[in-house]
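*Asks:* One structure, as structure tokens, below. Some questions next.
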Amino acid sequence: MTEVAMQPVLDAKKLQTLVYYIETLLSYFPNMKTPMRNFLISLREWPVQMRFASVSAADYKEKVTELSDFYSPFAATPSEWEGCAGSQSHYRGYPCSLWTLFHTLIVGATDKDPAFQSGGVSTVANAMIGYISKFFTCRECADHFSRHVSQLGYLPDTGDQSILWLWTIHNKANLMLAGDQTEDPTSPKIQWPSAQNCPHCRTDGNRWTPILTINGEPWNQVEVLRYIKSLYKAENLKQTPRIVRTNDVIEEVLNNLKKELKAENSLIFDEAHDKILNFCKK
């Protein structure tokens, strides 16, 4: 949400793009926890219910802070990168996490996206294109992404085609960034997946096996699909352990009590919070 707040003004088109993106997250992000779901629903409904034609950055930040305080959607979020941690702080991180998110959404929508039933374009693909074009802070990266999409010459209209579409774009980006100063030397930009991770993804099969040639390299389409689906399907995704500070737990419990008792303005809970925390420090 930080990138969105960096926009001076969210005009009607950007608000529409944001709402569409949030709806996509709500529809296809697997294993979403209730606090995060409620947070996203409220954030999606806010500009719609208020009938805003535009929203300032200050108003958007204020609303995100208000909803974050109320729902605590990020209470279980680790303070440091895990799967996308780089060898140094300026490597990988957010761009890596965005690719991971997009692959996860694409796989999650494979059998659920209603657009496919009528031959329409993948909802996730449309949401990605909109978000990157309107909000991604690396404008050069956004331009490269748009160029890769244009070079492919089509937008996906089936689940499997969507998976291969994003995989192709990802490998085009990796090819372009290989050896770039942004490349983490401990995680080089390779044509993914590696032969080690997917031994059968490169031309293994019989003469009837569908082959895709990406960046001059032949790939076994069936095995690539099998690998990506297995990697990003909901049951195989790592669940972040709920390791939070004692203070976070206390605040969450007391905030829930406030809501249930309809006593949001009561100072009793603030005093209780301080007393409990002081006791835990002993």
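The values are calculated or read from the model by the stated rules, or taken from the named source; none is laboratory data. The shown structure was predicted, so the numbers you read here are calculated from the model rather than taken from an experiment. Using ideal geometry, Cβ is built from the backbone for each residue, glycine included, and neighbour counts are taken over all protein chains shown. Accessible surface areas use protein heavy atoms only, side chains included; no ligands, DNA or RNA. Shrake-Rupley method; radii C 1.70, N 1.55, O 1.52, S 1.80 Å.
*Asks:* For the chain, with all protein chains present and a 1.4 Å probe, just round the carbon and sulfur fraction of the accessible area to a whole percent.
*Replies:* Solvent-exposed carbon and sulfur of the chain make up 53 percent of the total.
*Asks:* Still on this model: How far is helix 221-232 tilted off the main Cα axis of the chain, in degrees rounded to 10, range 0 to 90?
*Replies:* 10
*Asks:* Per residue, how many Å² of accessible area does the chain show with a 1.4 Å probe?
*Replies:* Ligands and nucleic acids excluded, the figure is 59 Å² per residue.
*Asks:* Once the Cβ-Cβ distance between LEU26 and THR77 is put in as r, and R0 is 25 Å, what FRET efficiency do you end up with, to the nearest 0.05?
*Replies:* After rounding to 0.05, the efficiency reads 0.90.
*Asks:* So if each residue of separation counts as 0.36 nm, and I subtract the Cα-Cα distance between ILE268 and THR2, what length gain in nm does that give?
*Replies:* 92.5 nm
*Asks:* Taking 8 Å as the Cα distance limit and 6 or more residues as the minimum spacing, I'd like the relative contact order of the chain as a percentage.
*Replies:* That works out to 17 percent.
*Asks:* Report the relative contact order of the range 16-166, percent, no decimals, based on alpha-carbon pairs under 8 angstrom and at least 6 residues apart.
*Replies:* Once divided by the residue count of the range 16-166, the mean separation gives 27 percent.
*Asks:* Would you compute, from DSSP H runs of 4+ residues alone, the mean residue ellipticity of the chain at 222 nm, taking -39500 (n - 2.57) per run and dividing by the full residue count, rounded to the nearest 500?
*Replies:* Mean residue ellipticity, 222 nm, calculated: -18000 deg cm²/dmol.
*Asks:* What is the dipole size for the range 1-112, taken about its Cα centre, with +1 at each Lys and Arg Cβ and -1 at each Asp and Glu Cβ, in debye to the nearest 20?
*Replies:* Here the size comes out at about 220 debye.
*Asks:* Continuing with this model, one more query. Ranked from highest to lowest mean number of other Cβ atoms within 10 Å per residue, what is the order of the peptides 2-15, 48-61?
*Replies:* Per-residue Cβ counts within 10 Å, averaged per peptide and sorted highest first, yield 2-15, 48-61.
*Asks:* By how many degrees, 0 to 90 and rounded to 10, does the Cα axis of helix 57-71 deviate from the longest principal axis of the chain?
*Replies:* The angle comes out near 70 degrees.
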